[in-house]
1. Could you grab me the full set of residues in the range 57-75 that are in a helix (DSSP H, G or I) and either under 14 Å from the mean Cα position of the chain (by Cα) or modelled with pLDDT under 95 (or both)?
2. Could you tell me which numbered condition residue 22 fails, if it satisfies all but one of (1) part of a helix (DSSP H, G or I); (2) under 16 Å from residue 74 (Cα atoms); (3) in contact with a helix residue (DSSP H, G or I) (Cβ under 9 Å, 6 or more places away or on another chain)?
3. Cβ-Cβ below 8 Å, separation at least six or inter-chain, first residue in the range 46-73 and surrounded by 15 or more Cβ atoms within 10 Å (Cβ to Cβ), second outside any helix (DSSP H, G or I) and of a type in the set (A, V, I, L, M, F, W, C): which pairs?
Amino acid sequence: MDTKGGKRPARRRWEDFSPRQRAAILALASVELALTSTAVADLWARPAGQVRGRKALWWLGVFVQPVGPIAYLTLGRRR
């Protein structure tokens, strides 16, 4: 996306964010990491018979952020 001058907008650096924005970014990244880690650990340990659908497809889906881990944890496991 070009601006009027034909140049790309400058990327924001970490220092450009306010403390509140930094905290929000870190909190969301932590939640995403926790969800992905939980989904990967569960998928690794769970037998294929206890997974809805093909386990190989869930492996791919788990890494589609942010919906993959949530989808696996809510829909992919048999109870």
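1. Of all residues in the range 57-75, those in a helix (DSSP H, G or I) come to 57-62, 67-75.
58, 59, 60, 61, 62, 67, 68, 69, 70, 71, 72, 73 - these are the residues of the range 57-75 that are in a helix (DSSP H, G or I) and either under 14 Å from the mean Cα position of the chain (by Cα) or modelled with pLDDT under 95 (or both).
2. Result: residue 22 fails condition (2) only.
3. That search, which allows pairs on different chains as well, returns 58/51.
The values are calculated or read from the model by the stated rules, or taken from the named source; none is laboratory data. These figures come from a predicted structure and were not determined experimentally. Using ideal geometry, Cβ is built from the backbone for each residue, glycine included, and neighbour counts are taken over all protein chains shown.
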